[in-house]
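Report on the following structure.
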Amino acid sequence: MTVARKRAILTADSVPMLPAHVRLIFNEKRDSWVVLAPEKILWPDDISVLILQNCDGARSIGEIARALSKEFSAPFSEILGDILEFLQDWSDRLLIRLAEQSGGKP
């Protein structure tokens, strides 16, 4: 019997992190960032890389959105919505985990 996985619903208070099986590394040969996961290689765009680099298991999505909103002089609500949508998709694909799902430690 298999147990169904409960879908994590991300909010501005969620604290995202990359799970141990997912790595964000810079590929010098291609001069770009790459995400390595079991049986997956992803080439995120520049904005996705900025979001992922901030998923450290210490900052909430709201804090990440606030920082990027200031950096890009963009409306907080727009940035927050875009980040939530992006990270929810990655969470659903098991490429992002919430810090509390890992015992609260990155």
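Run the numbers on the chain and let me know its relative contact order in percent, using alpha-carbon pairs under 8 Å that are six or more apart.
Relative contact order, the chain: 36 percent.
Taking only pairs that are 8 or more places apart or on different chains, how many Lys pairs in the chain have Cα atoms under 25 angstrom apart? Mind dumping the intermediate values first?
Working: LYS6/LYS40; LYS6/LYS105; LYS29/LYS40; LYS40/LYS105.
For the chain, qualifying lysine pairs total 4.
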*Order by neighbour count: ASP82, ASP89, fewest other Cβ atoms within 10 Å first, most last.*
ASP89, ASP82
*Counting other Cβ atoms within 10 Å of each Cβ, which GluC sites (Glu not before Pro) in region 2-88 have at most 12 and sit in a DSSP loop?*
GLU28, GLU39
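Can you compute the helix-only [θ] at 222 nm over the chain? Use -39500 (n - 2.57) per DSSP H run of at least 4 residues, normalise by all residues, nearest 500 deg cm²/dmol.
Numbers: 3 runs with 37 residues, N = 106.
Value at 222 nm, helices only, nearest 500: -11000 deg cm²/dmol.
Could you grab the Rg to Rh ratio for region 1-99? Cα atoms only, Kirkwood for Rh. Kindly include the intermediate steps, with their values, before the conclusion.
Working: Rg = 14.0 Å, Rh = 14.1 Å.
Checking Rg against Rh, the ratio lands at 0.99.
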*Stretchable slack from ILE9 to SER60, in nm (0.36 nm times residue separation minus alpha-carbon distance)*: 17.0 nm
_So, R0 is 25 Å and r is the distance between the beta-carbons of TRP43 and THR2; what FRET efficiency does that work out to, to 0.05?_
0.20
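Every number here is computed from the coordinates shown, using simple stated rules; none is lab data. Everything numeric here is computed off the predicted structure, so don't read it as measured data. Cβ coordinates were reconstructed from backbone atoms using ideal geometry, including for glycine residues, and neighbour counts include every protein chain displayed.
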